[in-house]
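Worksheet: one structure, shown below.
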Amino acid sequence: MMTLSGAGRRRWGAVAGVLTGSRSTLIGFVLVGAHLVLALAAPVLAPYSPIVNNGALPIDAPSLAHWAGTDQLGRDVLSRTLYGGRLALTDTALATIGVIIVGTAVGCLAAYWRGWFDEVVMRIVDAVLSVPTILALLVVVTVAGSGTWVLMLAVTTVYAPAVARVVRAAALEVIPLDYVTAARARGERAFAVLSREVLPNILDVVLVETAMRASWVVLLISSLSFLGFGADPPSPDWGLMVAENRSMLAVAPWASLAPIIALATLVIGLNLAADGLAKSLGVDRMRGGVA
Amino acid sequence: MIRYVLRRLALAVLTVWLASLGIFLAVHALPGDVATQILGRDATPQAVAAMRTELGLNEPLWQRYGDWLSGALHGDFGTSLVTHQPVADELTLRLRNTLLIAALAIVLGIVLALVCGVVAGLTRDRWPDMLISTLSLAGMSMPEFVIATLLALAFAVAIPIFPAVVTAGPDATVAELLPALWLPACALSVVMAAYIIRMLRTSVIDTMASEFVATARLRGLAPARVVLRHALPSALLPTVNVVAMNIAWLLGGVVVVESVFNYPGLGVLTVDAVHNRDLPVLQAIALLGAATYALLNLAADVVAMLLNPRLRRRAVA
């Protein structure tokens, strides 16, 4: 495990203070935590199956038996929404981890090696970022087909470059410092220098990026499902649920409303958490832009 | 200054060229045969062979890339695999329709963002700021299809002022499309404004706390004059890039929002192209997106330079 320097440890102590000090940050972490608990406990909490019709009437308004009503196939909307959280959280976690690992590795190496590698990588980053996210994703989906792993790969391809750019900028500030120079002078290898000296000191930037990208990944994956290129029916994916019930919007708004509320609370939670982290760690959140 | 602009322009051209290479390679060099992908797994070998000839897949990769790129530079993006019409014709028609919503969304979004961002910044931590900040966070946190769906629920179902679904085809006249423009444009402008508001709010707060604004106040100038003539120009500066990024984002946003309303623009064309595996159309749209993004970034850099005398001087030196 990597160890934190003295300054680093003090900063992390301050983080704990800010997390409990700012109301909106606390709300953010509570929202994300609640989503985690609900997703983990979905099999216990969900009153019905998320996939099968349980003999209930289709488009039944919310009642004591079906708290969030039923959809056009008579499935319990609450159960579907609860199980949908498991999908949303696993997909988001996997994709975000991929994005952060690839982005951090590429960004660190570009900052460490500089020279032609840095030039080439940054031009490629510019090129990837210049194609609108959804379009880039759709190109990959068209060629490679859908499915969870293709989706993870596609999301990593479109978001890792932005992370690489931010991480590179942060690493460039750390690498000229004396302790990194000392480690290089000792003859340590690039991996050792980066993981032991550089990474612990840009961990704040990486952490804020993680929270921020996670919120975008949720939006991106649900949009893709909504367009019909993500999860396949009868999956209780939130984006897919909104798409399936679109034609019933006027008669059965509840069937769309539950997944919409779930999506919005998760992303608001992630955004507030990212804001709070950025503020307490002193990282400029806007640095990465919005592309 | 001209040298700076020229360098930026060269960089933009390089970016678009790399993007074109990436798009082409993504479509043609990824594992799996494109012809089989298009026709499905149970296509006859003859059909696959015919499709390979139609796509020109039997020629070497670099020659195909060269042909595609030189065609694209002359405005020829090949033929659609579905309609067998030139891609460029369809693209021009759809582009006009999308530009209609995009223009409306940009105007609405920037006006909304300017008013809300400045009000929020000036009333920091009091109720107007709390309200605007909460709403913009919600706007940022909801996918475009959710905002579009909620707008449709409110203004097409509950209060039927606008159509929920567009029935006009791609070649409809502007007058026919006019009533259908508002909901998609509003949905886009809400998301766009949400980001700009957050940026502008911080920027206004920083500027209002600066010494030159304090001086202007102490000179006894009217508050409105202090804000509009002194604070706003420098508060807008950091926002220029965010605005440009958001306009570029619109290109992706239209894909989702147009689908919600079935608006006959580039977005719906994209989704159809993906469904039908119409690769020439998809390639053309992706390249168009990359070129627009690069141009917008270039424009943002130039505008930022014109607004900031310090940057202007440094660029000359």
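Around A:Ser195, under 13 Å between beta carbons, what's the net of Lys plus Arg minus Asp minus Glu among the other residues?
Details: positive: A:Arg189, A:Arg196; negative: A:Glu188, A:Glu197.
Every neighbour counted, the sum reads 0.
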| note | With label points set 7 Å from each Cα along the Cα-to-Cβ direction at A:Ile97 and B:Ala209, the distance between them in nm comes to 3.9 nm
| Tell me, what is the percent relative contact order of the stretch B:4-133, built from C-alpha pairs under 8 Å that lie six or more residues apart? | 10 percent
| query | For the stretch B:91-316, with only Lys/Arg (+1) and Asp/Glu (-1) charged at the beta-carbon, what is the dipole magnitude about the Cα centre, in debye rounded to 20? | reply | 1100 debye
| request: Could you tell me which of A:Gly282, A:Leu263, A:Ala182 has its Cα farthest along the dipole of chain A towards the positive end, charges placed at Cβ (Lys, Arg +1; Asp, Glu -1), taken about the Cα centre? | output: A:Ala182
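May I ask you to list, by number, the DSSP H helices of chain A whose Cα span along the axis is at least 20 Å and whose average Kyte-Doolittle hydropathy reaches 0.5 or more?
Taking the DSSP H segments of chain A (at least 20 Å long, mean hydropathy at least 0.5), we get A:23-40, A:77-113, A:115-130, A:148-174, A:199-227, A:253-281.
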| 10 Å Cβ shell holding at most 13 others, DSSP loop, trypsin sites (Lys or Arg not before Pro): longest site-free stretch of chain B | B:220-317
| said: Contact order normalised by length for chain B, with contacts defined as Cα pairs under 8 Å and 6 or more residues apart; what percent is it? | reply: 26 percent
| task | Treating the angle as unsigned and between 0 and 90°, give the value, to the nearest 10°, between the Cα long axis of helix B:45-55 and the longest Cα principal axis of chain B. | result | 50 degrees
| note | Of the candidates A:Ile221, B:Asn297, A:Gly74, the farthest towards the positive dipole end of the protein assembly as shown (Lys/Arg Cβ +1, Asp/Glu Cβ -1, centred on the Cα centre) is B:Asn297
| query | Once the dipole of the protein assembly as shown is set up with Lys and Arg at +1 and Asp and Glu at -1 on Cβ about the Cα centre, which of B:Leu108, A:Thr104, B:Leu200 lies farthest towards its positive end? | reply | B:Leu200
| query | Cα gyration tensor of the protein assembly as shown, axes a ≥ b ≥ c as square roots of the eigenvalues: rounded (a/c below 1.5), prolate (a/b > b/c) or oblate? | reply | rounded
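Taking the Cα centre of chain A as origin and charging only Cβ (+1 Lys, Arg; -1 Asp, Glu), how large is the dipole, in debye to the nearest 20?
About 740 debye.
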| said: Under the rule of at least 5 residues apart or a separate chain, name every residue whose amide H is placed under 5 Å from the amide H of B:Thr79. | reply: B:Val87
| Between helix B:61-73 and chain B: long-axis angle, C-alpha atoms, 0 to 90°, nearest 10 | 50 degrees
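Every read-out reported here was derived from the displayed coordinates using simple, explicitly stated rules and does not represent laboratory data. Just so it is clear, the model here is predicted, and its values are computed rather than measured. Every residue, glycine as well, gets a Cβ built from its backbone with ideal geometry; the counts of neighbours run over all protein chains shown.
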